[in-house]
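Quick one: this structure, given as structure tokens, is what I'll be asking you about.
Values quoted throughout were computed directly from the atomic coordinates according to the rules given, and no laboratory measurement underlies them. Note that this is a predicted model, so its numbers are computed, not measured. In this analysis, Cβ positions are derived from the backbone assuming ideal geometry, glycine residues included, and neighbour counts consider all displayed protein chains.
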Amino acid sequence: MARFYVRWVVALVVLAEMLVATQDVAAQGRRRFFVVPLADLASLGQVQEELKCNDEQKAKVSEVASQFQEERRATARQEVPGEQMLQKMAELDRDSSAKILEQLSKAQRDRLLGISIQVNGAKALYEPAVTKALKFSDEQDEKLEAVRTDIRNNFRNAFIQFGTMTEEQRRAKVNELVVEGDQMLMRVMTKAQRQRFDKLKGEALDVDLSPLPWAQRRN
């Protein structure tokens with residue numbers, strides 16, 4: 001099961017890069033499938049400047065991000081069942097996000113969440129701080145988790161069929177699943193929450209993800 005999970009994730013990364021025109025924007029394609037965690041975003045110099053972090057904050061945020069990235073690599077090397085791997089990764093994301101947000105002022109936290117929404121789109125809802133800001137109910141939290149499971153299963157089922165598809169058919173299927181998944185996530189929110197979600201984005205920021213370790217490994 002662990003090997004299947006790894007092959008599935010690798011396949012999605014490859015497919016993400018198939019959907020973009022050049023390797024220079026591979027990171028932009030990858031983020032259509034995987035959430036860019038707050039720890040990764042906060043580690044970027046560009047984002048730290050946007051947040052107006054002082055030297056002490058930069059040092060603490062970079063320390064948390066570095067530890068998170070190392071723990072994530074170590075977890076990815078473990079031979080564990082796929083669902084357990086996903087759970088471990090989610091726990092790392094939550095823990096690192098909480099530690100990052102502790103270092104920031106309210107204004108900085110709000111701006112970082114807005115940047116996350118810009119970068120991740122509907123998948124920013126995977127970040128607990130975003131759903132907290134939107135005042136999700138317990139019922140919505142449960143629905144969101146169910147939707148996440150459905151999205152994972154849809155990709156798994158499609159991956160099983162990829163061997164019988166042409167490259168063009170795979171691209172079309174992946175695009176279809178990405179759009180469908182985002183729509184499913186957006187439907188979890190009420191109309192008022194969707195308006196708040198859009199407002200949280202704030203001023204547009206074209207974030208360069210290429211300095212991140214996983215982006216550098218693909219270049």
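Dipole of region 96-145 (Lys/Arg Cβ +1, Asp/Glu Cβ -1, origin at the Cα centre): which of Thr131, Ser116, Leu104 lies farthest to the positive side?
Result: Leu104, furthest along the dipole toward the positive end.
Going by how many other beta carbons lie within 10 Å of each one, how would you line up Leu205, Leu104, fewest first?
Leu205, Leu104
Placing +1 at every Lys and Arg Cβ and -1 at every Asp and Glu Cβ, with all other atoms neutral, what dipole size does region 155-218 have around its Cα centre, in debye to the nearest 20? List each step's numbers first, then the result.
Details: 12 positive and 9 negative charges, 61 e Å.
About 300 debye.
Provide, as a two-decimal number, the C-alpha radius of gyration of region 154-214 over 2.2 N^0.38 Å, N being how many residues it has.
That ratio works out to 1.58.
So, one more: Quick one: putting +1 on the C-beta of Lys and Arg, -1 on the C-beta of Asp and Glu, what dipole do you get for region 65-219 around its Cα centre, in Debye to the nearest 20?
The dipole magnitude comes to about 240 debye.
About the Cα centre of region 47-102, how large is the charge dipole given +1 on each Lys and Arg Cβ and -1 on each Asp and Glu Cβ? Please answer in debye to the nearest 20. Present the calculation step by step, with values, prior to reporting the outcome.
Numbers: 9 positive and 13 negative charges, 18 e Å.
So the magnitude is around 80 debye.
Distance between the C-alpha centers of region 165-193 and region 46-98? Whole Å please.
Using only Cα atoms to place each centre, the spacing works out to 26 Å.
For region 108-150, what D do you get in µm² per second when you plug the Kirkwood radius from alpha-carbon pairs into Stokes-Einstein at 4 °C and 1.567 mPa s?
The Stokes-Einstein estimate is 121 µm²/s.
Just to confirm a number: summing +1 for Lys and Arg and -1 for Asp and Glu over residues other than Pro128 whose beta-carbon lies under 10 angstrom from that of Pro128, what do you get?
Neighbour charge sum, excluding Pro128 itself: -1.
Same structure, new question: Can you compute log10 of I(q)/I(0) for region 96-219 with the Debye formula, treating each Cα as one identical point scatterer, at q = 0.18 Å⁻¹?
-1.11
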